[in-house]
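The values are calculated or read from the model by the stated rules, or taken from the named source; none is laboratory data. Model, not experiment: these values are computed from the prediction. So basically every Cβ, Gly included, is an ideal-geometry build from the backbone, and we count neighbours across all protein chains shown.
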Amino acid sequence: MIDRNLNYGRHIIREFLEGSIPYTRVLDIGAGKGDDLEIARDVNPGAELLALECFKPNIWHLKRKDIRVFEVNIERERFPFEDESIDVIIANQILEHTKELFWIFHEVSRTLKQKGRLIIGVPNLASLHNRILLLLGIQPSPIKSNSAHVRGFTRGDLLRFLDTWGGYRPIDFKGSNFYPFPPVLARPLARLFPSMAWGIFLLVEKTVPYKDGFIRYPREQGLETNFYLGEDMPSHEGRS
């Protein structure tokens with residue numbers, strides 16, 4: 001029986017956080033009910049926990065856990081933090097729900113400290129079960145049209161996107177869960193073959209000061225989609 005709780009890779013989030021201490025400020029974008037931030041608190045009880053979240057029931061849960069919550073649309077608004085003021089940023093199972101990756105990573109890169117850590121967890125478009133589905137002519141599960149997901153990711157594509165700016169250094173990569181196997185098999189298989197696991201998790205480090213590379217890229221490349229690039233830098237006039 002599949003254990004879908006493994007999809008969130010909480011054990012991996014813990015490992016990445018343990019390798020990132022000491023940290024004093026941790027931000028979770030799309031924080032849900034605060035499960036990942038609770039791990040951050042457990043690893044470092046003195047850390048300040050910050051959350052960006054718009055879903056009202058989740059905001060209630062976060063506040064009950066004494067987590068500072070900011071109701072921000074991460075695809076259209078600036079994060080309410082100074083430049084280079086956050087030690088660790090977590091984006092776990094949120095990016096697949098978004099279109100405006102360039103803006104999100106602009107704000108992540110602006111607010112993350114130099115030598116700060118970014119933790120990314122996303123469903124894996126190249127997982128074993130998705131490869132089989134596509135071979136059979138069936139839509140891969142992370143990008144079904146009648147779901148909440150609007151993007152699909154693979155390890156290579158995610159690393160190429162991060163290299164849009166070129167200021168991140170990969171530190172670690174892991175996989176979690178392995179469909180269609182039960183936990184007793186899914187855990188070791190994900191460790192052995194992370195690129196074919198259900199979910200992929202990256203730990204990267206910001207290496208140089210950020211200079212607006214993510215929001216400049218769509219204009220410089222002439223991408224014909226009206227990406228949101230901030231009010232001071234209007235999006236491309238074209239439409240896809």
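I need the full set of residues from region 1-47 which are at negative phi and among the small types (Gly, Ala, Ser), in order please.
Hits for region 1-47 are GLY19, SER20, ALA31, ALA40, GLY46, ALA47.
Can you find, within region 200-217, the residue that is surrounded by the fewest Cβ atoms within 10 Å (Cβ to Cβ) among those that are in contact with a Lys or Arg (Cβ under 9 Å, 6 or more places away or on another chain) and either over 24 Å from GLY167 (Cα atoms) or of a type in the set (Val, Ile, Thr) (or both)?
THR207
So which residues in region 5-20 are of a type in the set (S, T, N, Q) and surrounded by fewer than 17 Cβ atoms within 10 Å (Cβ to Cβ)?
Correct list: ASN5 only.
Quick check: anything in region 85-93 polar (S, T, N, Q), outside any loop (DSSP other than H, G, I, E, B) and in contact with a Gly (Cβ under 7 Å, 6 or more places away or on another chain)?
For region 85-93, residues polar (S, T, N, Q), outside any loop (DSSP other than H, G, I, E, B) and in contact with a Gly (Cβ under 7 Å, 6 or more places away or on another chain): present.
For residues in region 3-22 being part of a loop (DSSP other than H, G, I, E, B) and either hydrophobic (A, V, I, L, M, F, W, C) or modelled with pLDDT of 95 or more (or both), which is farthest from LYS174 (Cα to Cα)?
ILE21
Residues being within 19 Å of PRO142 (Cα to Cα) and in contact (Cβ under 8 Å) with a residue 40 or more places away in the chain: count how many of those fall in region 152-189.
Here the count works out to 16.
Just to be sure before I move on: is PHE81 farther than 22 Å from LEU158 by Cβ and surrounded by 15 or more Cβ atoms within 10 Å (Cβ to Cβ) in the structure I sent?
yes
Within region 123-134, does at least one residue satisfy the condition of being out of contact with any Pro (no Cβ under 9 Å at 6 or more places or on another chain), in contact (Cβ under 8 Å) with a residue 12 or more places away in the chain and basic (Lys, Arg)?
No, the conditions are met nowhere in region 123-134.
When the residues of region 110-129 are filtered to those that are assigned to a helix (DSSP H, G or I) and out of contact with any strand residue (DSSP E or B) (no Cβ under 7 Å at 6 or more places or on another chain), which remaining residue is surrounded by the most Cβ atoms within 10 Å (Cβ to Cβ)?
Taking the candidates together, the pick is ARG110.
Just one of (1) touching a strand residue (DSSP E or B) at 6+ places or on another chain (Cβ under 8 Å); (2) crowded, with 23+ Cβ neighbours inside 10 Å trips up ILE94, so point out which.
(2)
Take GLY167 and decide whether it is buried (at least 17 other Cβ atoms within 10 Å of the Cβ), in contact with a Lys or Arg (Cβ under 8 Å, 6 or more places away or on another chain), under 25 Å from ASN73 (Cβ atoms) and small (Gly, Ala, Ser).
yes
Anything in region 196-217 that is outside any loop (DSSP other than H, G, I, E, B) and more than 20 Å from the chain's Cα centre (by Cα)? List them, or say none.
Once the filter is applied, which keeps residues that are outside any loop (DSSP other than H, G, I, E, B) and more than 20 Å from the chain's Cα centre (by Cα), region 196-217 yields only ARG216.
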